[in-house]
Amino acid sequence: MRETAETAGKQTAKTETAPKEAGALQRPGVLRVMTMNVLAPGYADGEARRAVLHEEVRRLAPDVPALQEVTRREADGLAADGWHLVPHPAWGPDGVGAVLAARLPFGAWASDRLAVTERTSRTPWCGVVAAGLPLPEPLGTVVLVHHKPSWPYGFERERELQAVAAARLAEELRERCGARHTVLLGDLDAPPEAASLRFLRGLASLEGTSVCHQDAWEAVHPGEPGWTFSPRNPLVRDGDMPEEAGRRIDHILVGCGPCGPGLHIARCERVLTGPVDGVQASDHYGLFADLTPPHHPPGRWAGE
């Protein structure tokens, strides 16, 4: 089931609060995006972990954070602090879900609950949001796609279908917004070699379609594993997946046109990979990337 800005009504109006730092990116000409599964606050001293997360977000100053395993109360708190939010399409019975936020107001947006098979009922808050973010030139409007597919190990078939649905939703919104760029990010619950990620990275087709995105981590750190869900993290060992071997499942992907990505990945790093004052922020590590205009527009020779 899809939802758009036109059908969301009162919920959209509630979250579009004027940001405290309106009208500008934190770094002129640079869009900093961040994704992190922050682990629901009901686990492992959530209050202390949230304090560490709050300080890291303040330090990094992302323009667009995509957060998973937040509560409705936390989402309301972000809106009260001046962040512009787009509602994710589903929340779990415990009030836990995901949120896409930005310092600047979003334009048009749409969402999909990604109920692609009967098994998705076991993962009640999976879903995808695509939102246009009008930015000053030379960046222009960017479509941000916050994707949260089904998480169980054996649900790659669902993740394949969900990746196709997310890509189609993003393309429809990009055309509607007239956007030049797309950035897909989130806890995608699959490593780069999985079929769903191979599809998103342009290495394979699925369901009769194909797309292409550049993997921000791989572009900056070629060949490095970059685990974001690691057995070295004590909260992984203490959590639901104690035998986890280590995977990079949190991703930032930059959409490509016929001649490659439309944005340059100037930087991509993991964050909160170790404890801060003895507190591990989450069972996932966060990931951020700095995106800038390319040296010259793809599809043209320099100087044309």
Handout entry: In the range 48-94, residue modelled with the lowest pLDDT [restricted to those that are more than 18 Å from Asp187 (Cβ to Cβ) and in contact with a Lys or Arg (Cβ under 6 Å, 6 or more places away or on another chain)]
Key = Gly82
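Conditions tested, residue by residue: (1) under 15 Å from the mean Cα position of the chain (by Cα); (2) more than 21 Å from Glu269 (Cα to Cα); (3) not in a loop (DSSP other than H, G, I, E, B).
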| site | (1), (2), (3) |
| --- | --- |
| Gly42 | no, yes, no |
| Glu56 | no, no, yes |
| Ala79 | no, yes, yes |
| Pro89 | yes, yes, no |
| Gly97 | yes, yes, yes |
Fill in the blank from the handout: Matching residues in the range 88-125 (in contact with a helix residue (DSSP H, G or I) (Cβ under 6 Å, 6 or more places away or on another chain), closer than 12 Å to His146 by Cα and either buried (at least 23 other Cβ atoms within 10 Å of the Cβ) or of a type in the set (Val, Ile, Thr) (or both)) number 4
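Residues checked against (1) more than 21 Å from Gly132 (Cα to Cα); (2) basic (Lys, Arg); (3) at pLDDT 95 or above; (4) surrounded by fewer than 21 Cβ atoms within 10 Å (Cβ to Cβ):
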| position | (1), (2), (3), (4) |
| --- | --- |
| Gln162 | no, no, yes, no |
| Arg174 | no, yes, yes, yes |
| His181 | no, no, yes, no |
| Leu188 | no, no, yes, no |
| Leu200 | no, no, yes, no |
| Thr209 | yes, no, yes, yes |
| Cys212 | no, no, yes, yes |
| Ala219 | yes, no, yes, yes |
| Pro222 | yes, no, yes, yes |
Practice task
Give the range 107-155 a look and list any residue that's free of Cβ contacts under 8 Å to residues at least 40 places away in the same chain, out of contact with any Pro (no Cβ under 6 Å at 6 or more places or on another chain) and in a loop (DSSP other than H, G, I, E, B), or say none.
Solution key: Thr123, Pro124, Trp125, Pro134, Glu137, Ser150, Trp151, Pro152, Tyr153, Gly154, Phe155
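The values are calculated or read from the model by the stated rules, or taken from the named source; none is laboratory data. Here the structure is a predicted model, which is why all the values come from computation and not from measurement. When we count neighbours, we look across all protein chains shown, and the Cβ atoms used for this are built from the backbone with ideal geometry, even at glycine.
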